[in-house]
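First the structure, in the form of structure tokens, and then the observations on it.
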Amino acid sequence: MKRILAAALALIMIATVLAACSKKPEEKAVDPAKPAEKKVYKINYWQHAPWTRAAYPGKDQDWMVKYILEKYGLDINLQIAPADGADAKLNAMIAGGDIPDLIQGYFTVASTAFTQWVQQGVIMPVDPYLKEFPKLNTLLNERQWQYLSMDGKKWGVAPYSDKNFDTIWIRQDWLDKLNLKAPTTTEELAKVALAFATQDPDGNGKPDTYGLTSHTNTNVLMSRVDSFFAPFGAMPGSNQMYIENNQVVFSALSDNMKNALTWMNGLVKAKAIDPDWMTNKNENWRQSVAQGRVGMVTGQFQFTRESACSDCLGMEIKAANPNAKWVMLPAIKGSKGAYSAWEKTPVGNTFHLTRKATDDPEKAKAIMKFLQDALDDKTELYDMLVWGKPGEQIEMKDGKKWARMVLPPEQQWLGYWRNWRLGTDEYWQVSWRKETPADLLDKYKFTAAQPVITRYENMLKPHDATADMLSYMREMHAKFALGEEPMSNWDKYVQTVMTKYRGKEIMDDATAQLKKLGLIK
Amino acid sequence: MIISRGERVFQWVNVAFLVLVAVVALFPVLYLVSMSLTPLEVLYKYGGFRVIPPQVTLEAYKQILSTPLIPRAFMNSVIITAVGTTINLALTIITAYPLSKRRLPGRSVLTLLVTFTMMFSGGLIPSYLLVKNLGLRDTYWAVILPGAIATYNLLVMKGFFESLPEELNEAARIDGASEWRVLTSVTLPLSKPVIATLGLFYGVGHWNGFFDAMMYISDSRLLPLQVVLRNILMDAMRNTEVTPDAIQVMPGETLKMATVVIALIPVLLAYPWVQKHFTKGVLIGSIKG
Amino acid sequence: MGIGLNLRKYAPLYIMLIPGIVYYLLFRYGPMYGLIIAFKNFNVFDGILGSPWAGWTHFEALFKNPQFTRILTNTVVISLLKLVCGMPPAIILALMLNELRGQWFKRIVQTASYLPHFLSWVMIYGILFAFLSPGTGLINQWIKGFGGDAIGFMSDKHWFVPVLVLSEIWKDVGWGAVLYLAGLAGINPELYEAATVDGAGKWKQTWHISLPGILPVIMLVLILRMGSVLNAGFEQIYILYNPNVYAVSDIIDTWVFRNGIEQMKFPIATAAGLFKSVIGFALVLISNKLARKYTESGLW
């Protein structure tokens, strides 16, 4: 026994030595060969929603860091949020005094983190810097800036996000087989869904096909069905807010929702919806779709692209069902109008300057200068960040830029630097590799041209009681859709939301905010 | 030894039942393993559910093992597990032993105070501050020290020590042995099953540990295996509005399953070794005389 | 004089306790001041100690929310079901494994039985989906083959809780048995031999030797599980649930996640945690007393 304890002690000593050796070597001092006038600022850049999860080779191997250091005097320490527990970690860091200088994420005014940070003085207004760096101001128009504004000030910068990606994709071969025309209204949509479910469009004699499917997600009732419900002006399980007759409308309580749920209930009863819709997760959904279990989905313009992105199912479709012919449909007409989707939050990923950065005004200016160039597609910085090194990741061909190919695994860390991209058409043309089918850009233009419904809840400060209200709405919508709750109880449901779940309070608060923003008189 | 017929029937029934248990437990795991070996195209085509894959590929394993970070992460996990478990056991033993002595004054109070910490915890922020102020961030110690004693395990060990007959200790004490001597020469040799079990608990805890490393280690060269594996698994694009561009290679099902299998293998190997120490009859002959 | 003698006598034991005490003071009791976040409007710049008091606000948010009764009930029901249905199988499995003669076979079975413990619920969801989903699940396909209607095991509120409990048993029974096996290994085999000589059969031996032998372990596990009766298994439920089964499976932790953690409103999480801790600790105290009274084995 003594020997074992002695061995343990030895192990402990070895471990101590190892641990000491594994401590990071002291940060290298600033490159002494720098010209004396250019001051270098060390900044911590926290990516809360990184665009990749590739292995980061470390600061020393990161040539982008060196480039930025050389040109902008910023010594950037990239802090990548963990895949799991990002919020907890960031919160603990901030509370513990380790506030990053620059935070990237998707923090608009509708996020509680944003409002908390503003209230607690964690992030700072960027208005003073917009004067010196006016190009940043032009990234968004006045309405879009609202998404980053609170109390009359702007609390971050962001590029404009892309236009609409979503529309309905339908199995043309099934339509052909059953001699149907593509649906244009919600009634026709229901008929086609029913036909897909009952008339055996894949001809295998088994009742294994459906009109639609979906998958659930922790915060919504249904995913990938937006284009079916946008025409109704209501999306089961969600509460989009819009303005009608100068009043705030909660779509979840409106007659539009009643119509939408009745429609859905009809499909459920007729067994036109895949019964797995409620238990599917993303992977199951992908498989369902690829294997030809359903005939219609809401998909992005990249739906049939054979690439490994989250909305590209091309590879699965090719492997499982290469004869499937998927085509896009223009916006379907419903009781609210012809819409293909809900308006996306027009603001892309957001960048926030923190108190740590502004404590040193020169540092903050240096960061803003860097941001201005990074978000400007005419600069060399932008080219480096978003496209990479000429010859390595990108090449010039006939005076045009071409992204060389899908990045090999050891270069995928460059994704950490690409989130300054601007969603311009030129971006789409360049970013796709040579193997991308030529019509992809046309597909994007098609979806971008579809009408979308304007919504407002994503530009309002959240209310305390919202989470409870939303979860109750979700639960009730599920019940109405499945028929477990009769539609005759609709008014009772509305009443409950307005009173017990403080819906009236939330609505009044939203109205007040919209008045302040000048969107309601 | 003559086995009665009743005994034999019992043995067969027992075996049959346990085989069933093993199959029920194992079948889904085998399914995952088989998925990890199936090429993506085949997976899409058949949607899983073939326990024996029609085609086998080692692509996923190759991809994971060639990720630059993996061998490093593996080493990190090995070191953390070895060092951590040793410290865990040492600390747990020397803390449980005194608490198991019924006549120690203040024993009940101390046990109560220790149990209290199982239910009450100050939360993430003070712990983060503590680790930061102790300068433990970006070291192995940030992962090893905060969990140095798991109260549950401590109570288990204490309970086990308490169940050992007093006479043995008395005999040793009368011979003039110090408490330390009693612990090492008498108590520990009899405690092999519980030490092995707790070694397994602590070891597995370290091997699968993720949260502490995620919070306190930012240097990617120090990350343990689970954190790296999770980063590979996690879908970076939770928000489909985010990256319309396909820089991110979505981990296919095959890859996901392979990461699970890789993390499981050491665990598989650990138990048989542990079980060696579950030998019965530890107490035979110790009280005679 | 008496105390002095005692201290000297017990000095070596106290010295042994020092590292442990240091650990607990530093890493467990040290950070406990964080509990007051539950009573404060935590502000990053004032820090934990300087932030303004909020009194019972966060607790009110928890207790007065329209779903409170439901989440509390669900939490207790699910937790107790898991306890009552989960402990006996682990004990029985240990007893059966203990009877195996072949060492090699025993190791295989035991390793197999505890492997599911290492799978994450995300992985297990895939397996459950493959078996239980209404459209494509294997079991439902069999049911439909026999002419029945598909059952939404995971979307129907009558089936969801059984699925939760059974899948957890599947996941943890092997791992749970490890501790009991260790306990069984510590029982003097001479007791069994004597019993066999006396003509006692397997049942009698189990009832009179094995079970009493591991009774301290069982009591320990039971008491400590009472301490976490308000933890009904957040990760599992969060991964498995959907709006249609909120009614039976929304627990305190899932509510706190939606209203607190996801919103970065951590004080609510701290308040809920404190609530759970207080109740849990009270239950531990009570069950320890009861255990001492009726079985003479308790924690202290």
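Throughout, read-outs are computed from the coordinates displayed, never taken from laboratory work. Note that the structure is predicted; figures quoted are calculated from it, not measured. Every residue, glycine as well, gets a Cβ built from its backbone with ideal geometry; the counts of neighbours run over all protein chains shown.
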Problem set entry | segment C:58-295 - percent relative contact order, Cα under 8 Å, separation 6 or more | 31 percent
Problem set entry | Unit charges on C-beta of K, R, D, E only; dipole of the protein assembly as shown, Debye | 2000 debye
Exercise. With axes computed from alpha carbons, what is the tilt in degrees of helix A:86-95 against the longest principal axis of chain A, rounded to the nearest 10 within 0 to 90?
Worked result: 40 degrees
Exercise. Given Cα pairs under 8 Å that are at least 6 residues apart, what percent is the relative contact order of chain A?
Worked result: 21 percent
Seminar exercise, completed: In chain C, helical segments from DSSP H whose Cα atoms cover 20 Å or more along their own axis and that average at least 0.0 on the Kyte-Doolittle scale are C:2-23, C:68-99, C:160-185, C:211-227, C:266-295
Exercise. Once both axes come from the Cα atoms, what is the angle between helix A:490-499 and the longest principal axis of chain A, in degrees from 0 to 90, rounded to 10?
Worked result: 30 degrees
Exercise. Considering segment A:188-325, what Rg and Dmax in Å follow from its alpha-carbon atoms?
Worked result: 15.9, 54
For this session: Please state the charge dipole magnitude for segment A:104-178, taken about the Cα centre, from unit charges on C-beta atoms (+1 on K and R, -1 on D and E), reported in debye and rounded to the nearest 20.
Result: 100 debye
Seminar exercise, completed: Among C:Ala182, C:Ile169, C:Tyr241, the residue whose Cα sits farthest towards the positive end of the charge dipole of segment C:167-248 (+1 at Cβ of Lys and Arg, -1 at Cβ of Asp and Glu, taken about the Cα centre) is C:Tyr241
Exercise. Computed over the Cα atoms, what is the radius of gyration of the protein assembly as shown divided by 2.2 N^0.38 Å, N being its residue count?
Worked result: 0.99
Problem set entry | Coarse-grained scattering of segment C:62-124 at q = 0.13, 0.14, 0.17, 0.19 Å⁻¹, given as base-10 log I(q)/I(0) from a Debye sum over alpha-carbon atoms | -0.59, -0.64, -0.79, -0.87
Seminar exercise, completed: Of the listed links A:Lys344/A:Lys365; A:Lys269/A:Lys492; A:Lys38/A:Lys154; A:Lys154/C:Lys64; A:Lys177/A:Lys258, those spanning more than 26 angstrom between alpha carbons are A:Lys344/A:Lys365; A:Lys38/A:Lys154; A:Lys154/C:Lys64; A:Lys177/A:Lys258
Exercise. What spacing in nm lies between the two simple spin-label points modelled at A:Asp442 and A:Lys504, each 7 Å away from Cα in the Cβ direction?
Worked result: 5.6 nm
Exercise. With each label point set 7 Å from Cα along the Cα-Cβ vector, what nm distance links A:Glu244 and A:Lys515?
Worked result: 2.2 nm
Exercise. Which three semi-axes in whole Å describe the equivalent ellipsoid of segment B:61-275, each the square root of 5 times a Cα gyration tensor eigenvalue, listed largest first?
Worked result: 42, 20, 14
For this session: Return the calculated 222 nm mean residue ellipticity for the protein assembly as shown, to the nearest 500 deg cm²/dmol, obtained by summing -39500 (n - 2.57) across DSSP H runs with n ≥ 4 and dividing by the residue count.
Result: -16000 deg cm²/dmol
For this session: Find the Cα radius of gyration of chain C, compare it with 2.2 N^0.38 Å by division, and give the number to two decimals.
Result: 1.26
Problem set entry | In nm, spacing of pseudo-spin labels at A:Glu187 and A:Lys42 (7 Å Cα→C-beta vector) | 7.0 nm
Exercise. For segment B:1-90, with only Lys/Arg (+1) and Asp/Glu (-1) charged at the beta-carbon, what is the dipole magnitude about the Cα centre, in debye rounded to 20?
Worked result: 100 debye
For this session: Over the whole of C:121-129, what's the average partner chain Cβ count within 10 Å per residue? Rounded to a whole number, please.
Result: 5
For this session: Measure nothing but the geometry: give the 0 to 90° angle between the long axis through the Cα atoms of A:255-269 and the longest principal axis through the Cα atoms of chain A, rounded to 10°.
Result: 70 degrees
For this session: Using the Kyte-Doolittle scale, find the helices of chain B whose mean hydropathy is at least 0.0 and whose Cα atoms extend 30 Å or more along the helix's long axis, counting only whole DSSP H runs.
Result: B:5-37, B:69-99, B:253-275
Seminar exercise, completed: In chain B, taking the dipole from +1 charges on Lys and Arg beta carbons and -1 charges on Asp and Glu beta carbons about the Cα centre, the listed residue (B:Pro98, B:Pro272, B:Ala171) farthest towards the positive end is B:Ala171
Seminar exercise, completed: Interchain or sequence-distant (5+) residues whose placed amide H lies within less than 5 Å of the amide H of A:Arg305 are A:Leu313, A:Gly314
